[in-house]
Amino acid sequence: MSGGAAAGPPAGRRPGPGRRRRHRTRGYFWYLLPGLVLSFVVIVVPLAMNVGLSFTSWPGVGNPEWIGTRNYTRLFHDENFWASFRHTAAIVLAMAVVPTVLGLVLAAVLFDYVAKRFSSRSASLFRSGLYLPQVLPVAVSGIVWSWLLLPDGAVNALAKDAGLGGLVRDWLGDPDSALPSVLGIMIWIQLGYPVVMFMAGLQRVNPELYEAAEMDGAGWWQRFRRITVHQVRPELYVVLATTTIAALKTFAQVFVLTRGGPGNATLVPSYFAYRSFFEDADVGYGSAISSIMVLLILVVGVVFVRLQTRADTEGRR
Amino acid sequence: MTAVTRPVTGSVAPDSAPPAPAPPSVRRRRRGPMAYVVFGVLVAVMALFLGPLLIVAINSFKSASDFAAHGPLALPHGWHLSTITRFWKRVDFGTKLINSLEISLAVSVLGVVLALLNSYAIGIGRVRGRALFLVFFLMVNVVPQEGLVYPLYYLAKQVNLYDSKIAVIIIFTVIQSAFGTYLLSSVLAEFPTELIEAAEIDGANSWRTLTRIVLPMSWPTLSVMFTFFFIWTWNEFFLPLVFLISNDNQTVPVALAVLQGQHSMDVTATSASALLGVLPALLFFLVFQRTLTRGIAAGALK
């Protein structure tokens, strides 16, 4: 860099900002080197090894034996594999779709109703309360809820006290209620994130916009649809992308709450891979499952980035 | 960060007259009965969100016989600390706290440093192919750990880093800094060019420019990143579960989760374990609340 600056452009021709910026590329690459090297060692190489292992049969000791695509054909015939992805689809609903929709409504109620009719202090207190589960380690939230849902736990005691004794059951141990319970807990964990994101996004909105709409006779619902949803579009993409990807990676909740059970009623790909790796010593099979997860998550990531950039350029036009 | 620092142009009054005493947007509306219904619903939602933690906390102070006699919803007949202290000693909770603290602190410091170096090259150095590098770092952050875990486990064993905090620190430093790079690069891309140029004219080399100008001026963003890296790392579960198997190395979430599956845990001990897991997080939440909300707003728009 210093060399370029010393040589400098001939006097009289003043470099524009763009020209000068282009100049500044030499010497800076070295700052990128540690990050790139570490990323290769910790991410790229293991990822490549994982894909390679997915074409082998390997118990984790000795030499992996090349078996071509047999792990994948086995997967596609494995009922557990399909079940785990069906559960993931439900988890996307519970972690991405439902919290986003509820979060949008809650954020709008807090921002455009509670803050105005009560106080912005009460609105931000509600927001904090909703956000609290987000700060807990997921594993710890799992412990909290598995305790509450014990057969002699607080949820059943509450149901009995409320005269709803028919609801009493072993929530996480009953194959019919295990998955719905896990999904409910996920909504509880996740809801605060969209609320905080959307309320932050709404800070950008000109309050006069709401007032003008109100004066024109727009009701709350109309203001919500026409202003709120439109204004938080950037946040909407970020929330949907991050929560969908988090849903595809679900592990800790299932590990703590059900270990995939009862039977395989709450099995998810992540736990399925973990089990193949470390309990069944079926490393090739686990690698195949996790390789499919990687592919799926990268596809979701790319789709969202493209949607977002398209929305960005449209917004700018 | 840009989203936070950008002034909200709409709210600025067009004339420069002193602010009116009560602009219409601030005036409180009338509250009809509907308003109280909405408020009541929100209070109920709050109860659903905070109640579970409260019930867990209450039961941690009960003796086992108290729980057996009166169930989970009654207030304790006499507040016992013994359930909590016994559980604390049994899992050696102090050690787990220190382990979690060590790992999270190391990752957040190193992660911020690495993210700063990367973003300095991308955002200010504008190295060739910077858009591709950004996509690369985004992918590094997004890739599921399940797709790395076995090779990492195998490699760590080869170099004697299995069951060591160092391996976990290195891995999470890379993963968190990748997100930090993505965030900070766009912040640094809008760094005032004049300041960099002035430093260059004064003869500062790029390292000096980084440490004397860019670093001090990016402090607010870096502190938000630090907070997030700390909490994210504290809450991590999957890789620490695989990598930290000995009692001396386990983090708080891993130790609690592993114990939870054991039959020797009675009901009140489990609630004590949940409470001990909740408390540090609650502390961070209260300490960092402002940074968190500020940071989330920043992350929203990169």
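Tabulated data for the structure shown
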read-out: Every pair of residues 6+ apart whose Cβ atoms lie under 8 Å, when the first sits in segment A:204-217 and is farther than 23 Å from A:Pro234 by Cβ while the second is open to solvent by less than 30 Å² (accessible area, probe 1.4 Å); value: A:Glu214/A:Arg223
read-out: Search result, residues across segment B:91-115 that are open to solvent by 20 Å² or more (accessible area, probe 1.4 Å) and among the charged types (D, E, K, R); value: B:Asp92, B:Glu102
read-out: Residue within segment B:21-31 that is modelled with pLDDT of 50 or more, closer than 30 Å to A:Ile185 by Cβ and within 9 Å of chain A (Cβ to nearest Cβ) present; value: no
read-out: The one condition in (1) touching an Asp or Glu at 6+ places or on another chain (Cβ under 8 Å); (2) surrounded by fewer than 19 Cβ atoms within 10 Å (Cβ to Cβ); (3) at pLDDT 90 or above that A:Ser270 fails to fulfil; value: (2)
read-out: Entirely in segment B:156-212, the helices (runs of 4 or more DSSP H) that have 1 or more residues that are away from chain A (no Cβ under 12 Å); value: B:165-188, B:193-201
read-out: Hits in segment B:240-254 (condition: more than 10 Å from chain A (Cβ to nearest Cβ) and either in a helix (DSSP H, G or I) or open to solvent by less than 10 Å² (accessible area, probe 1.4 Å) (or both)); value: B:Phe243, B:Leu244
read-out: Count of residues meeting criterion [closer than 21 Å to A:Val232 by Cβ and either at pLDDT 85 or above or open to solvent by 30 Å² or more (accessible area, probe 1.4 Å) (or both)] in segment B:281-298; value: 2
read-out: Conditions (1) surrounded by fewer than 22 Cβ atoms within 10 Å (Cβ to Cβ); (2) in contact with a Phe, Trp or Tyr (Cβ under 7 Å, 6 or more places away or on another chain); number of the one not met by A:Leu149; value: (1)
read-out: Sole residue being modelled with pLDDT under 95 and over 25 Å from A:Ser276 (Cβ atoms), chosen from A:Phe85, A:Phe29; value: A:Phe29
read-out: Leading residue by the ranking (farthest from the other protein chains (Cβ to nearest Cβ)) among those in segment A:287-312 that are within 21 Å of A:Glu235 (Cβ to Cβ) and open to solvent by 80 Å² or more (accessible area, probe 1.4 Å); value: A:Arg310
read-out: For A:Ala11: the one exception among (1) loosely packed, with under 12 Cβ neighbours inside 10 Å; (2) away from chain B (no Cβ under 14 Å); (3) at pLDDT 95 or above; value: (3)
read-out: Counted residues, segment A:53-66 - those being without any contact (Cβ under 8 Å) to a residue 40 or more places away in the chain and either assigned to a loop (DSSP other than H, G, I, E, B) or within 12 Å of chain B (Cβ to nearest Cβ) (or both); value: 3
read-out: Residue within segment A:219-239 that is within 24 Å of A:Pro137 (Cβ to Cβ), out of contact with any Cys (no Cβ under 6 Å at 6 or more places or on another chain) and touching a residue at least 12 places away in the same chain (Cβ under 8 Å) present; value: yes
read-out: Which listed residue is of a type outside the set (Lys, Arg) and either out of contact with any Asp or Glu (no Cβ under 9 Å at 6 or more places or on another chain) or closer than 25 Å to A:Ser181 by Cα (or both), from A:Thr228, A:Thr244; value: A:Thr244
read-out: Filter result (part of a helix (DSSP H, G or I) and either out of contact with any Gly (no Cβ under 7 Å at 6 or more places or on another chain) or open to solvent by 20 Å² or more (accessible area, probe 1.4 Å) (or both)) within segment A:273-286; value: A:Tyr274, A:Arg275, A:Phe278, A:Gly284, A:Tyr285, A:Gly286
read-out: Residue count, segment B:123-132 (criterion: open to solvent by 10 Å² or more (accessible area, probe 1.4 Å), touching a helix residue (DSSP H, G or I) at 6+ places or on another chain (Cβ under 6 Å) and at the interface with chain A (Cβ under 8 Å from one of its Cβ atoms)); value: 1
read-out: B:Thr233, sole failed condition from (1) under 25 Å from B:Lys157 (Cα atoms); (2) in contact with a helix residue (DSSP H, G or I) (Cβ under 6 Å, 6 or more places away or on another chain); (3) at the interface with another protein chain (Cβ under 10 Å from one of its Cβ atoms); value: (3)
read-out: Residue in segment A:49-66 that is in contact with a Ser or Thr (Cβ under 7 Å, 6 or more places away or on another chain), loosely packed, with under 14 Cβ neighbours inside 10 Å and either modelled with pLDDT under 95 or over 30 Å from A:Leu125 (Cα atoms) (or both) present; value: yes
read-out: Search result, residues across segment A:67-91 that are in a helix (DSSP H, G or I) and open to solvent by 30 Å² or more (accessible area, probe 1.4 Å); value: A:Arg70, A:Tyr72, A:Thr73, A:Arg74, A:Phe76, A:Glu79, A:Asn80, A:Trp82, A:Phe85, A:Arg86, A:Ala89
read-out: Test: residue in segment B:129-142 that is touching a Pro at 6+ places or on another chain (Cβ under 9 Å), outside any loop (DSSP other than H, G, I, E, B) and either at negative phi or not aliphatic (A, V, I, L, M) (or both); value: no
read-out: Filter pass, B:Tyr153 being touching a residue at least 60 places away in the same chain (Cβ under 8 Å) and closer than 23 Å to A:Phe278 by Cα; value: yes
read-out: Any hit, segment A:95-104, residues being under 24 Å from B:Phe179 (Cβ atoms), facing chain B (nearest Cβ under 8 Å) and touching a residue at least 24 places away in the same chain (Cβ under 8 Å); value: no
read-out: Residue in segment A:264-284 that is of a type in the set (Asp, Glu) and within 30 Å of A:Phe198 (Cα to Cα) present; value: no
read-out: Unmet requirement for A:Ser122, which otherwise passes all of (1) in contact (Cβ under 8 Å) with a residue 12 or more places away in the chain; (2) in a helix (DSSP H, G or I); (3) open to solvent by less than 30 Å² (accessible area, probe 1.4 Å); value: (1)
read-out: Odd one out for B:Thr193 among (1) farther than 19 Å from B:Phe93 by Cα; (2) exposed (fewer than 13 other Cβ atoms within 10 Å of the Cβ); (3) modelled with pLDDT under 90; value: (2)
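A quick yes/no check of all residues on (1) β-branched (Val, Ile, Thr); (2) farther than 15 Å from A:Asp78 by Cα; (3) facing chain B (nearest Cβ under 7 Å):
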{"residue": "A:Ile245", "(1), (2), (3)": "yes, yes, yes"}
{"residue": "A:Lys249", "(1), (2), (3)": "no, yes, yes"}
{"residue": "A:Val256", "(1), (2), (3)": "yes, yes, yes"}
{"residue": "A:Pro262", "(1), (2), (3)": "no, yes, no"}
{"residue": "A:Pro269", "(1), (2), (3)": "no, no, no"}
{"residue": "A:Ala273", "(1), (2), (3)": "no, no, yes"}
{"residue": "A:Phe277", "(1), (2), (3)": "no, yes, yes"}
{"residue": "A:Ala281", "(1), (2), (3)": "no, yes, no"}
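The values are calculated or read from the model by the stated rules, or taken from the named source; none is laboratory data. Computed from a prediction, not measured in an experiment: that's the story for all the values here. Counting neighbours? That spans all protein chains shown, and the Cβs are built from the backbone with ideal geometry, glycine included. Side chains are part of the model used for accessible areas, which takes the heavy atoms of the whole protein and leaves out ligands, DNA and RNA. Shrake-Rupley method; radii C 1.70, N 1.55, O 1.52, S 1.80 Å.
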